[in-house]
Amino acid sequence: MTEELGLRERKKRETRRRISDIATGLFCAHGFDNVTVADVARAADVSVNTVFNYFRTKEDLFFDRQEEIVEQAAAALGDRRPGETVVALFRRLFLEGLDRGAYQTGFHEGSEVWARTVRDSPALTARQEEIGRQAERRLAGALADETGAGPDDIAPRVAAAMIMSVQWQLVNEVVERKLAGETLEEMRRDVYAAARRAFDLLENGLGDYARKTSEPDASAGK
């Protein structure tokens, strides 16, 4: 019975992944708003009801790993090394992600296709933003638990917002350059430098950044 249940569960996961992969291919090729759930069902050789048995909404077909993404940052806290701060942890994880071309960094072939598909669809853009907010709230909660912060302590929420924002800006930088036609090798050095610079700012604070040093010379340009 246990083996039968295990086989059944594996088949369900495989079917879910196959439907999602087919749907994502269609969405990226034709645009999310131009493909219906019926189109996905037909291409996957299943019924529309079967699709909805696995996915509550059409957006879920595209963001089929959203639960993993929401939990990812919070779960990463357990990967800290002895003495490692939360900023040092996410710096290390992001740089390691760049090394292996992880999808979370955008530093891989095809990331611009994914990004373009999201940008061209208001529904996907809204869902992506909601996933980001959920991940941030989840990380803030985990940081509060780790540090014993009370409900009125803003530090975990600020820290989570800053960490997630830095990562988002770095990924967006990569994707923008990919959309502009740059190759991974052409941008590699800049991407690593930007990541180190961004996490330096996060770790050390803005400090003297953008301090106004003097009044503009009123006679300049005359």
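The values are calculated or read from the model by the stated rules, or taken from the named source; none is laboratory data. This structure is a prediction, so every number in the text was calculated from the model and none was measured. Every residue, glycine among them, receives a Cβ derived from its backbone with ideal geometry; neighbour counts consider all protein chains shown. The accessibility values were calculated without ligands, DNA or RNA, using every heavy atom of the protein model including side chains. Shrake-Rupley method; radii C 1.70, N 1.55, O 1.52, S 1.80 Å.
Points to keep in mind about this one:
- Backbone phi angles across segment 45-55, fed through the Karplus curve with coefficients 6.51, -1.76 and 1.60 (θ = phi - 60°), yield HN-Hα couplings of 6, 9, 7, 4, 4, 5, 4, 6, 5, 9, 9 Hz in residue order; Gly and Pro are listed as x.
- Counting every C-alpha pair in segment 57-166, the share spaced more than 18 angstrom apart comes to 56%.
- Rounded to the nearest Hz, the phi-derived 3J(HN,Hα) couplings of segment 134-142 under the Karplus curve 6.51 cos²θ - 1.76 cosθ + 1.60 (θ = phi - 60°) are 5, 5, 5, 5, 5, 5, 4, x, 5, where x marks glycine and proline.
- With contributions of -39500 (n - 2.57) from each DSSP H run of at least four residues, the per-residue ellipticity at 222 nm computed over the chain stands at -23000 deg cm²/dmol.
- Computed P(r) (all Cα pairs; segment 106-207; 10 Å bins; percent): 14, 35, 33, 16, 2
- By accessible area with a 1.4 Å probe, ligands and nucleic acids excluded, highest first: order of Lys178, Lys212: Lys212, Lys178
- Percent of Cα-Cα distances greater than 26 Å, calculated over the chain: 51 percent
- For segment 63-76, backbone phi angles converted through the Karplus equation (6.51, -1.76, 1.60; θ = phi - 60°) give residue-by-residue couplings of 9, 6, 10, 5, 5, 5, 5, 4, 8, 4, 5, 5, 5, 5 Hz, Gly and Pro being listed as x.
- Whichever aspartates and glutamates have a C-alpha closer than 17 Å to that of Lys12, once near sequence neighbours (fewer than 8 apart) are set aside: Glu3, Glu4, Asp21, Asp45, Asp60, Asp64
- Theoretical gain in end-to-end length, Glu203 to Arg8 [0.36 nm per residue, Cα-Cα removed]: 65.5 nm
- Centroid-to-centroid separation of segment 63-129 and segment 173-212 [C-alpha atoms, Å]: 16 Å
- Cβ-defined net charge surrounding Ala160, 14 Å radius [Lys, Arg +1; Asp, Glu -1]: -1
- Segment 1-53 - Debye-derived log10 I(q)/I(0), Cα point model, q = 0.20, 0.24, 0.28 Å⁻¹: -0.68, -0.86, -1.04
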